[in-house]
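Input: a single structure, listed below in structure tokens.
Nothing in this text is a laboratory measurement; each read-out follows from the coordinates by a stated rule. Everything numeric here is computed off the predicted structure, so don't read it as measured data. A quick note on method: Cβ atoms are made from the backbone with ideal geometry, for glycine too, and the neighbour counts reach across all protein chains shown.
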Amino acid sequence: MRVRIIEYEIPDRDGSGELTDLVTTITDPAAASAQELAQAYCQRWEEETGNDQLKTCLRGPGKVLRSKSPDMVRQEIYGYLLTHYAISALISRAATEADIDPDRVKFLRTVRIIRRRAAARPFPPDQARRSLAAIMADITSPRNFNPARRHRSYPRVVRRARHNSYRVKRPGDTGTRHTGPPAIRLVNLRLQPIMINLG
């Protein structure tokens, strides 16, 4: 498998930064520049937010799946995944049309808006477009926004010593707050395709 390696660092307060190696299968710089990929990598924790939305906002904390057989459990999980995808797609569409970052829209508030609208009054098919526009306007109302996220970066540390090479977290360790998105310094701009054997 051909991969591309991008080296970059995000400076801390003192100007030093930890070197990060990003491995990607996007080997063509025209498809995605090194700067774009380094900035996109910071979004990797959105997956954890999605997991929380699935487990806490949709299903509810501590709620056990109702199905008893493996096939029905699988079907119920697919149902949750499809519902999460549909809500996320609606948030993305509404936020894009309102010209705001989809991360600003509260997921749980959106779930409540959709449940309230669906339960309150059914609408005939010819009013679907108008009803959808009203839901999207409600979703992107400023009262349903998360506070703007602060731009921060943290050094890689572990809470207790393990087999990896990261140092153990100390009581005084804090993140670096940035006035804007953290600056990314590209270290090596050469395209270095390498072959990795996954077999």
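Data overview
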read-out	value
Estimated FRET transfer efficiency (ARG170, ARG44; beta-carbon r; R0 30 Å; 0.05)	0.75
12 Å beta-carbon shell around LEU22, net charge (K/R +1, D/E -1)	-2
Residues of the range 68-100 with amide N under 17 Å of a point placed 7 Å along Cα→Cβ from SER131	87, 90
Full-stretch length increase - THR20, SER88 - with 0.36 nm per residue and alpha-carbon distance subtracted	21.5 nm
